[in-house]
Structures are given as C-alpha cells and as structure tokens.
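Derivation of every value follows stated rules applied to the coordinates shown; laboratory data play no part. Remember, it's a predicted structure, so these values are computed and weren't measured experimentally. We place every Cβ from the backbone using ideal geometry, glycine too, and count neighbours over all the protein chains shown.
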Amino acid sequence: MAKLVDFSSYYKENDKGIVQALETQINNTLKELDKIDKTGKSDIYGDNRTAALDDLKKYYDELTSNLTNVLELQKEIHESYLDMMDEAQDKFDEQIDTYETINDLIEHDMEVISLIYGEESYSKLDEYYNKQQKNFNSQLDFQSQQVNF
C-alpha cells in the first residue's frame with residue numbers, strides 16, 4: 001500500500017504531482033527560451049540564455065530520474081501484486097486440501113462403521129452421508145468464492 005502512495009506522489013489528479021510539476025517547469029522554461037530567441041530577453045532570465053538552458057537541463061534530468069523511479073516503482077507494485085495473488089492461491093489450495101482431508105476422514109469413519117455394524121447400518125451411515133454432503137457443499141461454496149476473487 002505504501003508503494004501505491006509513493007506512486008501517487010508522482011502523478012496527482014490536480015496536476016500537482018512531481019512529474020507534472022517538472023513537466024510544467026520544463027514547458028515554462030522552453031517558453032522563456034522561445035522569448036529570448038524571438039525578442040532577445042525573457043521575463044525570468046533576461047538575456048541570459050545559458051541560465052535558461054542550465055535550468056532546462058536540470059529540470060530535464062530531474063524528470064528523467066523521477067520517471068525512472070516511477071518505472072521501478074511500477075515494477076515493484078506489479079511484482080508485489082503477483083506475489084499477493086500467488087499467496088492467495090496458496091491459501092485457496094490449502095483450504096481445498098482441508099476439505100479433501102475432511103472428506104477422507106468422513107469416508108474412513110464410514111468404512112469403520114460398515115466394518116463394525118455391517119453395510120446395512122443405514123442410520124449410522126446416514127449421519128456421515130449428511131456430513132459428507134455438507135462438506136461437499138462447503139467446498140463448492142468456497143470454490144465459488146475463489147472464482148469470484
């Protein structure tokens with residue numbers, strides 16, 4: 001989240017981000033250079049073209065540096081997002097494994113009941129069939145939520 005806040009400092013809706021401010025400064029400096037070329041002097045630099053060019057280079061270098069930072073930050077955010085998605089998928093897989101383990105335990109209990117009471121112990125097996133059905137329904141609900149995610 002902090003990286004998104006950092007990223008938003010470069011570009012803001014009100015054109016007050018770092019990159020936007022530097023673009024404005026470069027454009028203003030270019031206008032002043034144009035005035036020097038057309039009239040021989042500007043309101044800010046007078047007739048000092050060298051100072052205007054120095055400022056233009058300084059702002060351009062700052063803009064280039066900040067754009068490099070933006071690209072690096074974008075890459076970090078992208079990688080962080082992918083890591084988060086992988087982590088979420090791992091958690092989903094763990095939950096599915098838990099449902100499968102529960103089902104295996106229910107099936108084991110059903111086999112034990114069949115061995116002890118015989119295959120016709122319907123009332124005892126019915127309880128486990130209901131548990132198994134509930135587990136399957138929970139698993140389906142979870143997988144539906146996973147798809148929605």
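Quick look at the values:
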item: Whole-Å distance, taken between Cα centres, linking the range 62-89 and the range 91-149; result: 42 Å
item: Rel. contact order, % - alpha carbon contacts under 8 angstrom, at least six apart, the chain; result: 17 percent
item: Stretchable slack from GLN74 to SER8, in nm (0.36 nm times residue separation minus alpha-carbon distance); result: 22.7 nm
item: Note, ³J(HN,Hα) from phi for the range 76-83, Karplus 6.51, -1.76, 1.60, rounded to Hz, x at Gly and Pro; result: 4, 5, 4, 5, 4, 4, 5, 4
item: Distance between modelled label sites at ASP86 and TYR60, nm, 7 Å Cα→Cβ extension; result: 4.1 nm
item: Relative contact order for the range 32-106, counting Cα pairs under 8 Å that sit 6 or more residues apart, in percent; result: 14 percent
item: Sparse-neighbour loop sites [GluC sites (Glu not before Pro); the range 49-149; at most 12 other C-beta within 10 Å; DSSP]; result: GLU119, GLU120
item: Karplus-derived 3J(HN,Hα), 6.51/-1.76/1.60, for each residue of the range 27-40, Hz, glycine and proline x; result: 4, 5, 5, 4, 5, 5, 5, 4, 4, 4, 5, 7, 10, x
item: Computed Kirkwood radius, in angstrom, where 1/r is averaged over Cα pairs of the range 2-148; result: 21.6 Å
item: Förster-model FRET efficiency, 22 Å R0, ARG49 and LYS16, C-beta, rounded to 0.05; result: 0.15
item: Residue exposure sequence - MET84, MET110 - by fewest surrounding Cβ within 10 Å; result: MET84, MET110
item: Amide H within-cut-off set for ILE44, under 5 Å, with H built and near neighbours excluded; result: none
